[in-house]
Amino acid sequence: METAEDSRGADSDGPRHLGLCVLCGLPAAGKSTLARVLGQWLRRERGWAVGVLSYDDLMPAAPLDGAGAGPPPYQWKMSRQELLKYLECFLMAVVNRCQMSAPPNRTESMWEDFVTCLKDQDLIISAALEAQPVYLVAETAISRPLVLVLDDNFYYQSMRYEVYQLARKYSLGFCQLFLDCPLETCLQRNGQRPQVLPADTIHQMERKIERPNPEKNAWEHNSLTVQSPVHLSEASLEVVDLLLTSLENPVKYVEENMEQKETDRIICSTNVFHKADQTLRRIVSETMKEAKDEQVLPNNLKQLAEELNKLKSEILEDLRQGKLCFQQTTDLSDVVSFFCDEKDNIVQKYFSKQHQH
């Protein structure tokens with residue numbers, strides 16, 4: 001059956017089609033398999049250019065096991081934001097049809113992995129034109145519809161909203177695929193992996209995961225839930241329709257009264273900052289009391305207090321500078337929820353130390 005896309009053709013002189021597709025779901029839900037198969041299918045059957053960005057391959061291991069492995073939670077959050085900056089570098093090159101240069105203040109290993117990922121999928125080519133390495137966008141990424149598939153758990157709406165903001169900034173298509181997989185199946189698959197996540201990690205994420213909710217969030221209206229395991233031959237029509245809809249209806253960048261918006265933001269941020277400071281102080285105090293009740297060793301208590309206060313200071317500083325945005329506005333409950341999630345990862349480490357003694 002011929003669709004509008006078939007009749008239009010991959011190399012149409014029509015409007016530019018460029019979009020971001022977010023995959024989300026529990027670990028071992030089948031996201032990476034879907035991303036790989038979907039990318040192959042779109043290239044073969046539709047002639048599209050596709051870039052699959054697997055966060056597991058491009059970022060340090062996430063600190064989800066509560067045993068101190070991997071980077072601290074806050075560092076992991078910063079790594080996610082850094083990867084989005086790399087993605088923006090590529091998007092700017094595609095949109096403006098210019099070369100892609102390495103951003104300043106980058107993590108060299110992450111940047112090299114990102115560049116290799118794009119090269120391997122024929123999206124960029126090296127250009128030895130200057131002392132600093134630069135990269136040219138490949139012709140296929142410019143002349144054809146281009147979909148970038150972001151493969152990660154994306155279990156918080158705030159994580160996905162950051163990608164949506166990027167789509168809005170450059171007037172790109174945006175859509176979400178949620179892989180709905182039973183917890184028991186994820187646990188079973190996880191046990192068969194070369195690198196096994198602790199079962200508690202998957203249980204914890206299952207409790208925290210925020211599914212796309214188009215009825216509550218207008219920005220999530222281009223979302224599709226698919227059952228895992230996914231048989232692409234059965235789901236392809238729905239998935240392609242979702243991608244086409246998002247490509248042909250890019251997110252509109254709305255010009256706003258920036259001066260009034262900034263004034264409102266400052267007033268709102270000041271109020272939220274003051275309340276957040278008081279609330280986070282209280283949570284730290286209650287957490288330390290709980291740790292003492294659990295008879296955590298004095299030396300560990302000191303380290304725990306230092307980590308919690310550092311986390312509090314970093315989050316408050318981000319809030320003060322307007323870097324934290326969970327939805328269209330930043331709400332106190334969002335800040336507290338984010339702090340508590342990061343705090344739980346820290347606390348679990350010290351409590352598990354205590355149980356080992």
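Rule-based calculations on the coordinates, nothing more; no lab input. Being a predicted model, the structure only gives us computed values, none of them experimental. Here the Cβ positions follow ideal geometry from the backbone for every residue, glycine too, while neighbour counts run over all protein chains shown.
Given a Förster radius of 30 Å and the C-beta distance between Tyr253 and Ile125 as r, what FRET efficiency does 1/(1 + (r/R0)^6) yield to the nearest 0.05?
0.55
For segment 43-52, what does the Karplus curve 6.51 cos²θ - 1.76 cosθ + 1.60, with θ = phi - 60°, yield as ³J(HN,Hα) per residue in whole Hz, taken in order and with x for Gly and Pro?
5, 6, 8, 10, x, 7, 8, 9, x, 9
Hey, can you grab everything whose amide H is under 5 Å from the amide H of Val52? Only 5+ residues off in sequence or another chain; H modelled, so Pro and N-termini drop out.
It is Val149, by chain and number.
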